[in-house]
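*Asks:* Attaching a single structure in structure tokens format; questions to follow.
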Amino acid sequence: MNKFIGIGRCTKDAEVRDAGSTRVGRFTLAIDRRFKREGDSQTADFITCVCFGKIAESAEKYFKKGTKLAITGRIQTGSYTRQDGTKVYTTDVVVEEWEFGESKASAQQNQASAPQSAPAAAPQSQDDFLKIPDSMPDVDELPFQ
């Protein structure tokens, strides 16, 4: 079984492009490590994500820098050759489902209290987890599948 589940923050706004008859979105999630190993200076992993169709359209609207997301998908590996002949190997998560990871109020509070160069802190209360922000459209227009 190939299943990825992760909760993290967008490192920048999602990039969405047309690829023929479908939309393709790319973004990176910064996912905090639960434990820090001795000698390891990195405290987060940066996961490259790709999405298609309706999810890419949602990404264009909602996946902004600092937005906390919960995503599920599958890991996909690939490779390509650069113009200089160097072979590059890639690992991406293909997003199949997503949800907001915090309410709009928590997101605004975290952005206001966090330093500009560091990712916003996790919400203090579990009550805020996965609430739909106030600015979302009517239920019939929600971008979730």
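Bear in mind that the values in this text are calculations on the coordinates, not laboratory data. Only a predicted model underlies this, so the values are computations on that prediction, with no experimental measurement involved. Reconstructed Cβ throughout: ideal geometry from the backbone, glycine too, with neighbour counts over all protein chains shown.
*Asks:* Please list 77-83, 98-104 highest first by mean number of surrounding beta-carbon atoms within 10 Å per residue.
*Replies:* Put in order of decreasing packing, that is 98-104, 77-83.
*Asks:* Further question on the same structure: How high is the FRET efficiency from Gln108 to Ile5, r the C-beta distance, R0 25 Å, rounded to 0.05?
*Replies:* On the way: r = 26 Å, r/R0 = 1.04.
With R0 = 25 Å, the Cβ-Cβ based efficiency is 0.45.
*Asks:* While we're on this one: Give, in nm to one decimal, the length gained when the segment between Asp32 and Glu57 is fully stretched (0.36 nm per residue of separation minus the Cα-Cα distance).
*Replies:* Using 0.36 nm per residue and subtracting the Cα-Cα distance, I get 6.4 nm.
*Asks:* Can you give the Kirkwood hydrodynamic radius of region 45-89 from its Cα pairs, in Å with one decimal? Intermediate values should be presented prior to the final figure.
*Replies:* On the way: mean 1/r = 0.0759 Å⁻¹.
That comes to 13.2 Å for region 45-89.
*Asks:* Now for a separate question. So, how do all the Cα-to-Cα distances of region 18-119 break down into 10 Å bins, in percent, from 0 on up?
*Replies:* P(r) over region 18-119, rounded to whole percents: 12, 35, 35, 16, 2.
*Asks:* Net charge within 11 Å of Lys12 by Cβ-Cβ distance, Lys/Arg positive one each and Asp/Glu negative one each, not counting Lys12 itself?
*Replies:* With Lys, Arg at +1 and Asp, Glu at -1, the neighbours total +2.
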